[in-house]
Amino acid sequence: MRAIAKENYDFQKVITLIGIGLLIVKSIAWYLTSSVAILTDALESIVNVITGFIGLYSLYLSGLPADRNHPYGHGKVEFLSATIEGVLIIIAGVFILKEAVLNLFEPQPIGKLDYGIVLISFTAVVNYFIGRYAVRKGEKNKSLALVASGKHLQSDTYSTLGIIIGLILIYFTDLLWIDSIVASVFSIIISVTGYKIIRKAVSGIMDETDEGLLQEVATYLQEHRQENWVDLHNFRIIKYGSVLHFDGHMTVPWYFNIVQGHKEIEGLQKVIREQFGDDLELFIHMDDCKSFSCEICTKEDCPVRRAPFERQVLWNANNVSANKRHQISTKE
């Protein structure tokens, strides 16, 4: 298992264990109060625990090395894990809404709100900090499973805060219908969060371009561009779990031999690894420069230059992903 993948896997274990503990706390709070809002919060925690185990298994699979049947590794399983998590979150949201509506017409008596408020507040604090840390670690390690788990915990925190506010209002006003209204509002918020997780997971399954990441890479390469890197085009980035796969075409001077050309590819790979880590694969095809390349080439000691340098094409997400060589005489 890769080092980053193992780090993600170990942290997912922590998330799962904490989820079990918080479920127990919320169940006790519901038992003491009989609040439908707290019940819905506890039901969401059940989803947290289930998806925690799903995320744990997906991170284990995504950390396995590439093999003959999976030449690009097992990273895409994280997208399936996030999809399942999103679906379960939406189901929980719908169920919560149903219970809230039923309770609105037949409100149940609520007791020991002070104990319930204290216990639920404790779970909100724990969820917030664990969720925030999970999102940061997931973004850093490029793990959709960890990001999905973290955002789920954060959404759980926000819904719990709303529930706490509702419980405080009930405590001072004895208006039981507030319990159902609070649960209804946050069931919708939970469902929207589930949809967003599914949307991002489907984007990964369909290899949708991450424009932000592509722009970040293009800008970084432009800043560290070397004179023999005449052009970069048909450049793509695909994420499989925590592993980034880069492929594209780089134009080098046509008179370079294989050794010289390969040295430039190694230089490009070194630059990318310095910024984006070692958990990546790079496949670059070498193209030889053409006569129209002289206008955008900054190489000063070129022995076969046919035209003077005019200006450099600055790399960005749009032009490095284009499936054509850049030249000044046509649209860049």
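The values are calculated or read from the model by the stated rules, or taken from the named source; none is laboratory data. The shown structure was predicted, so the numbers you read here are calculated from the model rather than taken from an experiment. Don't worry about glycine lacking a Cβ; one is built from the backbone with ideal geometry, like all the others, and counts go over all protein chains shown. To get the accessible areas, we keep the full protein, side chains included, count just its heavy atoms, and leave off ligands, DNA and RNA. Shrake-Rupley method; radii C 1.70, N 1.55, O 1.52, S 1.80 Å.
Conditions tested, residue by residue: (1) open to solvent by 70 Å² or more (accessible area, probe 1.4 Å); (2) under 18 Å from Phe276 (Cα atoms); (3) without any contact (Cβ under 8 Å) to a residue 24 or more places away in the chain; (4) not in a helix (DSSP H, G or I).
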{"position": "Arg132", "(1), (2), (3), (4)": "yes, no, yes, no"}
{"position": "Gly138", "(1), (2), (3), (4)": "no, yes, no, no"}
{"position": "Tyr158", "(1), (2), (3), (4)": "yes, no, no, no"}
{"position": "Ile165", "(1), (2), (3), (4)": "yes, no, yes, no"}
{"position": "Ile181", "(1), (2), (3), (4)": "yes, no, no, no"}
{"position": "Gly204", "(1), (2), (3), (4)": "no, no, no, no"}
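Remark: Met286 matches the filter, which requires a residue to be over 29 Å from Ser203 (Cα atoms), at pLDDT 90 or above and of a type in the set (A, V, I, L, M). Scanning the range 111-122 for residues that are closer than 17 Å to Val36 by Cβ and open to solvent by less than 40 Å² (accessible area, probe 1.4 Å) yields Gly111, Leu113, Gly116, Ile117, Ile120. Screening the candidates Tyr115, Tyr158 for the property of being at pLDDT 80 or above and of a type outside the set (Gly, Ala, Ser) yields one hit, Tyr115.
Considering each of Arg225, Arg236, Arg199 in turn, give the residue that is of a type in the set (Lys, Arg) and in a loop (DSSP other than H, G, I, E, B).
Testing whether each residue is of a type in the set (Lys, Arg) and in a loop (DSSP other than H, G, I, E, B) leaves just Arg225.
Screening Leu175 against (1) under 27 Å from Ser34 (Cα atoms); (2) assigned to a helix (DSSP H, G or I); (3) without any contact (Cβ under 8 Å) to a residue 24 or more places away in the chain leaves a single unmet condition, (2). For the range 312-332, a residue qualifies if it is surrounded by fewer than 18 Cβ atoms within 10 Å (Cβ to Cβ) and either closer than 23 Å to Gly267 by Cα or free of Cβ contacts under 8 Å to residues at least 12 places away in the same chain (or both), and the qualifying residues are Gln312, Leu314, Asn316, Asn318, Ala322, Asn323, Lys324, Thr330, Lys331. Determine whether Val243 is hydrophobic (A, V, I, L, M, F, W, C), without any contact (Cβ under 8 Å) to a residue 60 or more places away in the chain and open to solvent by less than 40 Å² (accessible area, probe 1.4 Å). No.
Each row is one residue, and each column tells you yes or no for (1) open to solvent by less than 50 Å² (accessible area, probe 1.4 Å); (2) among the hydrophobic types (A, V, I, L, M, F, W, C); (3) in contact with a Lys or Arg (Cβ under 9 Å, 6 or more places away or on another chain).
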site	(1), (2), (3)
Ile168	no, yes, no
Thr193	yes, no, yes
Leu221	yes, yes, no
Arg225	yes, no, no
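Residues of the range 274-309 that are surrounded by 17 or more Cβ atoms within 10 Å (Cβ to Cβ), within 16 Å of Asp231 (Cβ to Cβ) and not β-branched (Val, Ile, Thr): Asp287, Cys289, Ser293, Cys294, Glu295, Cys297, Lys299, Cys302.
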